[in-house]
Amino acid sequence: MASLLTDELKRAAPSLANLDKLQTRWMNGIQFYLSRDVPVVNGHAIYLDSPWALTSISQRQFWTNVDFSAFGHGAVEGILSADISEWEAPGVVYGKPARECTAPQIQEEVWTQLKQHLNIGGAATLDDANLLSWFLDPDIEFPNPGTAANAEPLLINVAGSLQYRPEAQVELQNLFLASDYVRTYTDIACMEAANEAARRAVNCVLAASGSTASPAQLWPLEEPAFLKPLQEVDRIRFGLGLPHHLEST
Ligand SMILES: Cc1cc2nc3c(=O)[nH]c(=O)nc-3n(C[C@H](O)[C@H](O)[C@H](O)COP(=O)(O)OP(=O)(O)OC[C@H]3O[C@@H](n4cnc5c(N)ncnc54)[C@H](O)[C@@H]3O)c2cc1C
């Protein structure tokens, strides 16, 4: 969006003028197609100390009504999706950061790092023979191997960035924004933020069109209460100039 804005548009809608001040980082996914399903856990897994900051989710358990054999060559029984959130740190196979690797190297690195975390205590949770094929997010573009570009980097909300985020309603009467960078209650780029922005945009459209339909609801982001004490500890430590308690142990 930032690259689509012309100077004329920025003058007409000044709240869009600072979109290029919002920060982005790389975060993209790779999918592994498995001949035998590997559920891992019932939700997301975070591989905290993996060099490429991997997370994963095993898809099949959440698509119980889907017949996997009806897709592709019919042999896929499970899909393990992994996100790479660190593209600058060296990997364990090639010693290169992800953005300097080719697609097959990225595949091998991620698969290896996942195995390092899942195949422990003699368990062979991930088995090379079980890997049928894989698919890397095509937004990672390889004009020349080794200089990958990312067509869809992820928005990162940093301290002070709220001021650069536009409202769903900008200064133009016929333009409404529904995206995770819109100013919302939700201060992290996620589906909830995009959803809330969309509800705000819908309400703008309803108002602009004179509709009598009831507006979409808005509500502050609900955070799990059990995190509150930990956040308070963090806040106090920060105020005292101390590092995060996990860093100091
Ligand atoms: C790897 C990864 C993992 C994530 N995991 C999670 C998660 O687990 N939970 C969570 O809540 N959030 C997650 N997110 C964040 C979440 O996906 C985004 O915040 C959310 O999808 C943003 O929604 P959006 O509608 O603003 O933008 P998008 O979903 O990016 O939609 C924008 C659309 O516009 C299209 N587009 C772009 N340019 C043009 C153009 N010029 N003309 C026409 N169309 C165009 C794009 O193709 C795209 O389809 C993840 C993001 C990434 C990248």
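Every read-out reported here was derived from the displayed coordinates using simple, explicitly stated rules and does not represent laboratory data. Worth saying up front: this structure is predicted, and the values here are computed from it rather than measured. So basically every Cβ, Gly included, is an ideal-geometry build from the backbone, and we count neighbours across all protein chains shown.
Once Lys and Arg get +1 and Asp and Glu get -1 on their Cβ, which of PHE71, GLN217, PRO51 lies farthest toward the positive end of the dipole of the chain?
It is GLN217.
Name the long-range amide H neighbours of SER133: under 5 Å, sequence gap of 5 or more, or other chain; modelled H, no Pro or chain starts.
Residues meeting the criterion, in which the H sits 1.01 Å from N, are TYR33.
Spelling out what I want: for every residue of the range 164-179, take phi, set θ = phi - 60°, compute 6.51 cos²θ - 1.76 cosθ + 1.60 (Karplus), and round to whole Hz; glycine and proline get x.
Residue by residue, the range 164-179 yields 8, 8, x, 6, 4, 9, 9, 6, 9, 7, 10, 9, 10, 10, 9, 7 Hz.
Assign unit charges at the C-beta atoms only (+1 for Lys and Arg, -1 for Asp and Glu), then state the dipole size of the range 27-150 relative to its Cα centre in Debye, rounded to the nearest 20. Intermediate values should be presented prior to the final figure.
Working: 5 positive and 15 negative charges, 38 e Å.
Value, rounded to 20: 180 debye.
Which order results if CYS204, CYS190, CYS101 are arranged by neighbouring Cβ count within 10 Å, fewest first?
Details: CYS204 20, CYS190 15, CYS101 24.
The order, fewest Cβ neighbours first, is CYS190, CYS204, CYS101.
Place +1 on the Cβ of every Lys and Arg and -1 on the Cβ of every Asp and Glu in the chain, take the dipole about the Cα centre, and give the residue among VAL93, LEU132, LEU5 whose Cα lies farthest towards its positive end.
Final value for the positive-end residue is LEU5.
Check cross-link reach from LYS10 to the aspartates and glutamates: straight Cα distance under 13 Å, and skip same-chain residues fewer than eight apart.
ASP20, GLU171
How big is the charge dipole of the chain about its Cα centre, in debye rounded to the nearest 20, if each Lys and Arg gets +1 on its Cβ and each Asp and Glu gets -1 on its Cβ?
Approximately 480 debye in magnitude.
So, with +1 on the Cβ of K and R and -1 on the Cβ of D and E, and no other charges, what is the size of the charge dipole of the range 93-220 about its Cα centre, to the nearest 20 debye? Show your work: numbers first, answer last.
Working: 7 positive and 15 negative charges, 70 e Å.
For the range 93-220, the charge dipole is close to 340 debye.
Straight distance only, please: which aspartates and glutamates reach the Cα of LYS115 with their own Cα at less than 17 Å, same-chain residues fewer than 8 apart left out?
Within the straight-line cut-off, LYS115 pairs with ASP37, ASP49, ASP83, ASP127, ASP128.
In what sequence do PHE142, PHE238 fall when counting other Cβ within 10 Å, fewest first? Could the numbers behind the result be given before it?
Working: PHE142 14, PHE238 11.
Listing PHE142, PHE238 from fewest to most nearby Cβ atoms yields PHE238, PHE142.
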